[in-house]
Structure formats: C-alpha cells, structure tokens
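Where a number appears in this text, it was derived from the coordinates with a stated rule and is not lab data. What you are looking at is a predicted structure, and each value in this text was computed from that prediction instead of being measured. When we count neighbours, we look across all protein chains shown, and the Cβ atoms used for this are built from the backbone with ideal geometry, even at glycine.
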Amino acid sequence: MADTFPDEGLDVILGVFPRGGTITANMYVGIFTSSNGTTAVPGASATIASMGSGYAEVSTSAGQWTTYARQSIASTTGGWAAPGAQTIWSVTGRGVVGSQVSFPAPSAAYAPTNPMQGFFLADASTSGHAIFYSNWSDTTAIASLAIGDVIKVTPTFGFGN
C-alpha cells in the first residue's frame, strides 16, 4: 500500500503546528483515479489542481458519476479518533482514524477511463489543498460502479515505525 503527504499538505500542517494557525471546520475525503497501477499515489509535488501524470479526481461531468462529491468529516475530535499509537496498515505507529464516510451511489453505471485507486484528504469541498493521498487498504483498484454501489472510506493516516 502506498500513501503520501504531498508538499502542499505538509505546508498546511506546518501552518497550523507549531505556528498556532487555525484549521478548517471540516476535512474532505475525495477519490482519485490513476492509470499508474495499484501501488502508486500522486507524488510529493502533487496538488489538487495538478495531481500529476495519469492522476485525477473522479469526474462529475455529464455521463460520469454525477452524484460524486467530496465527503466531509468534522475537524473536531468528534470526527477523528484521538491521535496516538494506532495499528495502521499492519504497522504500529502514530496516527489518526477518521469517521467513516459513504459516497453516494451513482445514478447510472460508472466506468471511469482510469480505475479508482484510492482516497485523498483535502481542506476544502472543491479545489483547496491535498493533505494526504492513499491507496485503498487492499490495493485493489475499482474499475466501475453499478447503480446502487456505495464506496465507504474510513480515512486512516499516520507515521509508521
């Protein structure tokens, strides 16, 4: 499984701690597609606007997954487990686990040009900054969704030992 904190996400984190900055009221979970394989995630220089070659956020354009939208999680402690020692992806380390979110089912069959490879955390419901990218925990890409299919994500991230 691959994951990364891109530079723009680290800039946001370092703008809050140790500088005493403020955080947004909500974090947002989105889904990215990739033509680069199941173990790849956007690199350190990736931004929401330009995730890098072969990466993109799920499309909501006509004929695509029109009900897709980033899902919010409150930035308060109610939305995230207390930070500390967690078992993350079979590695014990320091991390947090967010509340599970469900993406709305598509109203028509959805088969993106490139498969859905994982999720990202952002600080805005549209645009904004990518804080973290991760593949699905089983590294299996999702090639399509049928009417009624729901994707559920429990965002988990941290620093492993």
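Computed over the chain with a Gaussian network model linking Cα atoms closer than 10 Å, the most mobile of Thr139, Thr22, Thr33 is Thr22. What you get for region 3-160, charging only the Cβ of Lys and Arg (+1) and of Asp and Glu (-1), is a dipole of about 220 debye around the Cα centre. If you run the Gaussian network model on the chain, springs between alpha carbon atoms under 10 Å, then out of Gly98, Gly30, Gly21 the most flexible one is Gly21. Between the helical axis of 7-16 and the longest alpha-carbon principal axis of the chain there is an angle of about 40 degrees.
Of all the C-alpha pairs in region 3-160, what % are more than 23 Å from each other?
Tail of the P(r) past 23 Å holds 35 percent of the pairs.
Residue farthest toward the positive end of the dipole of region 3-160, with Cβ of Lys/Arg at +1 and Asp/Glu at -1: which of Ser45, Phe103, Phe119? Selected residue: Phe103.
For the options Ile131, Ile48, Ile13, a Gaussian network treatment of the chain with springs between C-alpha atoms closer than 10 Å singles out Ile13 as fluctuating the most.
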